[in-house]
Amino acid sequence: MLESFQVLGCSAGIPTQERGVTSVLVSTTKYDIMLDCGEGTYLKWLAAGGKWRRLKTILITHMHPDHTAGLIPLIFYRKILRIEPPLTLYGPPNLESWLLNSLEEQGVNLTFELIVKSLEEFPEFELADETTANTAQMKHKIPCWGFRLEDGKRSFVFVTDTLPCDNAVKLAQNADVLLHEATFKDEHQKLAVDTKHTTFS
């Protein structure tokens, strides 16, 4: 069952001393799901009380560094600490090759099973504890997905880095919680459109 969520980072593009880039931790009664893993997420996750044995799944919306740059360190630290259970990731089609190439180039030989699945092949999938995930593609400069997590009673939707679009509305229909990025103030609407992001309004 979905229990709670914590925003680990929400700074757009560049982390600051006070605020990390994008990452959210969703907790069920039995395990945790991480959505995006920007730079510095590991330390924010630890500060929020993150536990390795609870972190089973990571969902990645798109491949921009402020959403993925914390993944390699997180996986590396997991190996060093000898965390053995499998770790499953869902994300863009090029996520797996990027991860495996990066790990190989850095000489990181994993001691646990890393399962990486493409959202193009798995737009809907089941997680443990009767939780399901549905996805929809957003309107960004590169392929980007939003996520809806449901357990039959509660629903949580995460949408980031997109122009306002019908898919976001459909994904969020009747959700209990919608967490949606707002990268730009209203006076920067042209910049938001040019870079395919959302304003506050």
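The values are calculated or read from the model by the stated rules, or taken from the named source; none is laboratory data. All values reported here derive from a predicted model rather than from experimental measurement. Neighbour counts run over all protein chains shown; Cβ positions are idealised from the backbone, glycine included. Remember, those area values only see protein heavy atoms, side chains included, never the ligands or the DNA or RNA. Shrake-Rupley method; radii C 1.70, N 1.55, O 1.52, S 1.80 Å.
When the C-alpha to C-alpha distance is required to be over 32 Å, the pairs from LYS51/LYS117; LYS30/LYS141; LYS170/LYS190; LYS56/LYS190 that qualify are LYS30/LYS141; LYS56/LYS190.
Volume per residue of the convex hull around the Cα atoms, evaluated for region 31-170, comes out as 113 Å³. Taking chymotrypsin sites (Phe, Trp or Tyr not before Pro) in DSSP loop states with no more than 14 other Cβ atoms inside 10 Å as exposed sites, the chain has its longest site-free stretch at 1-111. Of the solvent-accessible surface of the chain, computed with a 1.4 Å probe and all protein chains present, 50% belongs to carbon and sulfur. Residue-wise HN-Hα couplings along region 69-85, as the Karplus relation 6.51 cos²θ - 1.76 cosθ + 1.60 with θ = phi - 60° gives them from phi, are 5, x, 5, 4, x, 4, 5, 5, 5, 4, 5, 4, 7, 6, 7, 8, x Hz; Gly and Pro carry x. Per residue, region 5-68 exposes an accessible area of 42 Å² to a 1.4 Å probe, with every protein chain left in place.
Tell me what the chain gives for mean residue ellipticity at 222 nm when only DSSP H runs of n ≥ 4 count, each as -39,500 (n - 2.57), the sum divided by the residue total, rounded to 500 deg cm²/dmol. If you can, show how the numbers build up before the last one.
Working: 6 runs with 46 residues, N = 201.
The helix contribution divided over the chain gives -6000 deg cm²/dmol.
In order along region 157-163, phi translates into HN-Hα couplings of 10, 10, 10, 9, 6, 7, 5 Hz, rounded to whole numbers, per the Karplus curve 6.51 cos²θ - 1.76 cosθ + 1.60 with θ = phi - 60° and x for Gly and Pro.
GNM remark for the chain: springs join alpha carbons under 10 Å apart, and the peak mean-square fluctuation among VAL159, VAL108, VAL26 falls on VAL108. Projecting the Cα positions of TYR42, CYS165, THR198 onto the charge dipole of the chain (unit charges on Cβ atoms of Lys, Arg, Asp and Glu, taken about the Cα centre) puts TYR42 furthest along the positive direction. For region 116-193 and region 1-62, what is the separation of their Cα centres, given in Å? Cα centres, region 116-193 to region 1-62: 16 Å.
So how tilted is helix 95-105 from the main axis of the chain? Cα-based, degrees 0 to 90, rounded to 10. For 95-105 against the chain, the angle is about 50 degrees.
Could you calculate, for region 1-73, the ratio of the Cα radius of gyration to the Kirkwood radius, expressed as Rg to Rh? Write out the running numbers ahead of the final one.
Values: Rg = 11.4 Å, Rh = 12.0 Å.
Rg/Rh: 0.95.
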